[in-house]
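The values are calculated or read from the model by the stated rules, or taken from the named source; none is laboratory data. Only a predicted model underlies this, so the values are computations on that prediction, with no experimental measurement involved. Neighbour counts run over all protein chains shown; Cβ positions are idealised from the backbone, glycine included. Only protein heavy atoms, including side chains, enter the accessible area calculation; ligands, DNA and RNA are left aside. Shrake-Rupley method; radii C 1.70, N 1.55, O 1.52, S 1.80 Å.
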Amino acid sequence: MNPTNILLFAAIVLSTTACGTLDTVFREDAVASQSLKNLRSHCESVPRIYSGVVYDFCSLNGEPNSKKSLDEQQIGPLPWIAVDLVLSGVLDTLVLPYTVYRQNHDGSIEIFR
């Protein structure tokens with residue numbers, strides 16, 4: 001594989017996963033706040049440093065979805081969350097200088113009820 005194909009593949013993988021980081025770093029705060037509010041997460045705020053990983057944990061810390069069967073709730077999303085946690089951790093590390101600045105300047109992302 002040539003380097004261009006590898007970079008293209010990496011960009012596609014990161015754009016389809018690591019959504020916690022994309023929602024908290026590259027989009028407005030209201031997007032992450034509203035998403036976690038819709039999931040009825042018990043988190044009150046998300047720190048900007050490693051925000052993608054924290055966002056993923058907060059999405060797991062929500063109330064169960066009564067529209068899904070018990071098997072789908074326990075087994076279905078787990079592999080995708082595991083992949084997203086790992087990729088969010090990698091992407092969060094890459095944007096760490098920016099998120100440290102934003103944490104000091106703007107504080108945590110508040111989840112409004």
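If we keep just the residues of segment 77-113 that are exposed (fewer than 13 other Cβ atoms within 10 Å of the Cβ) and assigned to a loop (DSSP other than H, G, I, E, B), which is modelled with the highest pLDDT? Among residues in segment 77-113 that are exposed (fewer than 13 other Cβ atoms within 10 Å of the Cβ) and assigned to a loop (DSSP other than H, G, I, E, B), the one modelled with the highest pLDDT is Gly107. None of Glu44, Glu28, Glu72 is open to solvent by 90 Å² or more (accessible area, probe 1.4 Å), closer than 19 Å to Tyr98 by Cα and either at pLDDT 75 or above or among the acidic types (Asp, Glu) (or both) except Glu28.
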